[in-house]
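Shown next, in structure tokens, is the structure this report addresses.
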Amino acid sequence: MNTIELSTCFCTNNVTACKQFYQRYFSAKITFDCGWYLNMSIGEAGATIQFMEPQGEMETYTGTGITLNFQVNDVDAEYKRLMDAGLQEAMPLEDHPWGDRGFSVIDPIGTSVYIYSDREPSEEFSQFYV
């Protein structure tokens, strides 16, 4: 298989709240919006995220078991910006021995959004990098 792109689509009744959240806090740009289906572009690397209202008998996302990881240049600046904007941390800003510094917040449908910058991993974890 020659994959061109991989993206995540969340089935939710809260498409509008998600659109507002990712536009406001992550500068997401709308690339398609027909009301019940929304495609947004985030960042310069071409990452996309989608939200759609359930169609027919589709089940909606329950908000557990998924973390969206956002790598940024300056995690401390992003932490300050998002906390000053009124978001609540779900996980505090801290250094992690596996090689990053990060924190998390929760989006309107319960998804954990992890924001981080790379750091040198501890000796314990450096052996696992290939």
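The values are calculated or read from the model by the stated rules, or taken from the named source; none is laboratory data. Please read these numbers as outputs of a predicted model, since none were measured by experiment. Every residue, glycine among them, receives a Cβ derived from its backbone with ideal geometry; neighbour counts consider all protein chains shown.
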Just one of the numbered conditions (1) part of a loop (DSSP other than H, G, I, E, B); (2) modelled with pLDDT of 95 or more is not true of THR62; which one?
(2)
What residue, among those in the stretch 15-34 that are out of contact with any Ser or Thr (no Cβ under 9 Å at 6 or more places or on another chain) and not in a helix (DSSP H, G or I), is surrounded by the most Cβ atoms within 10 Å (Cβ to Cβ)?
ASP33
Write out, first by first residue and then by second, each pair whose Cβ atoms fall under 9 Å of each other, whose residues are 6+ apart or on separate chains, and whose first residue, in the stretch 26-53, is at pLDDT 95 or above while the second is acidic (Asp, Glu) and assigned to a strand (DSSP E or B).
ASN39/ASP33; MET40/ASP33
The residue that is nearest to PHE10 (Cα to Cα), considering only those in the stretch 73-130 that are in contact with a Gly (Cβ under 8 Å, 6 or more places away or on another chain) and aromatic (Phe, Trp, Tyr), is TYR114
Matching residues, the stretch 77-99, being in contact (Cβ under 8 Å) with a residue 24 or more places away in the chain and within 28 Å of TYR61 (Cα to Cα)
GLU78, TYR79, LEU82, ALA85, LEU87
Taking the stretch 35-80 and the residues there that are hydrophobic (A, V, I, L, M, F, W, C), over 13 Å from the mean Cα position of the chain (by Cα) and farther than 14 Å from CYS18 by Cα, the one that is surrounded by the most Cβ atoms within 10 Å (Cβ to Cβ) would be VAL75
Quick one: how many residues across the stretch 109-130 are surrounded by 16 or more Cβ atoms within 10 Å (Cβ to Cβ), part of a loop (DSSP other than H, G, I, E, B) and of a type in the set (A, V, I, L, M)?
1
